[in-house]
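**Q** Before I ask anything, here is the structure I am working with.
Read-outs: derived from the displayed coordinates by stated rules, not from any lab. What you are looking at is a predicted structure, and each value in this text was computed from that prediction instead of being measured. Methodologically, a virtual Cβ is constructed for each residue, glycine included, from the backbone with ideal geometry; neighbour enumeration extends over all protein chains shown.
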């Protein structure tokens, strides 16, 4: 793969470039989410609602680990994209090798940790006793594959930073189809239950890693990845950590907060766990276009800072914001109008559908806040304010939401309060992030960040 597979976001039509760049990210995320969604579909239809609840109750735990690597790669890709935009290919190559070496080591450590302490993690979310053993078997195998998730997220971050969002997409499409076939074979025909879907997921993840690696090996030789060049340069690692760790910690801490949210949900029984789990699967599908736009605008801003183009950054941000609002309407309205139809694809138990429908109908009207958060947070990360975005997001999504849940659940132990807590967190996160952006703009610190990181100083 040569320069024709990379994408320079510093020139050309902004809407077209963001659309072309973010579409593969969105569809790739869509297929990545199919890993767990297909697991739920298969066990929900071929095993039962107990197995469905077991898989769903592991979701916040697996998201905790996956979210860390996703956040790390998103932050680290700021450095990759900035070097690519500034044509500093030597530093880009060294940064890639340093980050991948670090991700490999960290992935092994976290996989071992998760496997050893799987029971303790399930007790944190107060996993119902009737599904505990199934959940533990699924979680141990699933976490064993977290190493592949670690490497894949950094690989895809590298490819996006140099303008190639298609390679990770092709890898995920292929891996997802493999996962679907293996799920059906291992569960429906061999009868392995939750163990079968966990094995299928790990195998599929390993395929996606191999495919993206093949594409990375074909990059321009000036920043091509090679195993023999794997090393950790202390200064570069500190720079990667400075940009990537805040996003990783943010994702992880929000996931930790969700662990305690699931304690509330699981207290209503395994049926509630199953219904809420399905609703969250659908919720992730609707939020994916905004997440893709958030990643795209981070790369867009980073490249244009490296190229020294102020006005283009402003126009790109407004374009991404508009695209996010439109995507929410296109995906959210059909879900709102046909909730039971979509939920019924996973399981048709009336109680399961009741819990899922209730959650969807509370969340969908507030999805516009998600679009606002993703675009603005992505913009600020592109400027290099990852740590600040992390702190502000934690205030809204963890601090205020947990206070709301603590007070509201003590007043009225009702699962509706848990559902309302999500838009409450989104709202205060939006207030914090936007207030900070305008503070940076009025104080001149946004311009200072641009000058400091631009090659045109």
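**Q** Express in nm, to one decimal, how much length is gained between residue 410 and residue 447 on full extension, taking 0.36 nm for each residue of separation and deducting their alpha carbon distance.
**A** 8.7 nm
**Q** As I understand it, the value is the acute angle between the Cα axis of helix 146-161 and the longest principal axis of the Cα atoms of the chain; what does it come to in degrees, rounded to 10?
**A** 40
**Q** For segment 54-89 and segment 9-24, write down the distance between their C-alpha centroids in whole Å.
**A** 21
**Q** Using alpha carbons only, how many degrees (0 to 90, rounded to 10) separate the axis of helix 14-46 from the longest principal axis of the chain?
**A** Relative to the chain, helix 14-46 is tipped by roughly 20 degrees.
**Q** Can you give the relative contact order of the chain as a percent, counting alpha carbon pairs under 8 Å and 6+ residues apart?
**A** Computed value for the chain: 25 percent relative contact order.
**Q** A further question follows. Given the chain reduced to its alpha-carbon atoms as identical point scatterers, what log10 I(q)/I(0) does the Debye formula return at q = 0.12 Å⁻¹?
**A** -1.00
**Q** Of 311, 11, 239, how do they rank once you tally other Cβ atoms within 10 Å and put the fewest first?
**A** Taking fewest neighbouring Cβ atoms as first place, the list is 311, 11, 239.
**Q** Mean shadow of segment 56-135, computed from the convex hull of its alpha carbons, in nm²?
**A** 6.0
**Q** Something else about it: Give me 183, 229 sorted ascending by neighbouring Cβ count inside 10 Å, so fewest comes first.
**A** 229, 183
**Q** At what distance in angstrom do the alpha carbon centres of segment 423-457 and segment 118-173 lie from each other?
**A** Result: 31 Å between the Cα centres.
**Q** For segment 183-276, what is the convex hull (Cα atoms) projected area averaged across all directions, in square nanometres?
**A** 10.2
**Q** Starting with the fewest neighbours, write out 138, 439 ranked by other beta-carbon atoms found within 10 Å of each beta-carbon.
**A** Fewest-to-most ranking of 138, 439: 439, 138.
**Q** On to the next question. Before rounding to the nearest 500, sum -39500 (n - 2.57) across all DSSP H runs of length at least 4 in the chain and divide by the residue total; then give [θ] at 222 nm in deg cm²/dmol.
**A** -28000 deg cm²/dmol
**Q** On a 0 to 90° scale, report how tilted helix 89-116 is relative to the longest principal axis of the chain, with both axes built from alpha carbons and the result rounded to the nearest 10.
**A** 20
**Q** Given q = 0.10, 0.12, 0.24 Å⁻¹, what are the Debye log10 I(q)/I(0) values for segment 331-432, with equal point scatterers placed on the Cα positions and solvent ignored?
**A** Computed log10 I(q)/I(0) values: -0.36, -0.51, -1.15.
**Q** Once each part is reduced to its C-alpha centroid, what is the distance from segment 282-296 to segment 307-348 in angstrom?
**A** Measuring centre to centre over Cα atoms gives 7 Å.
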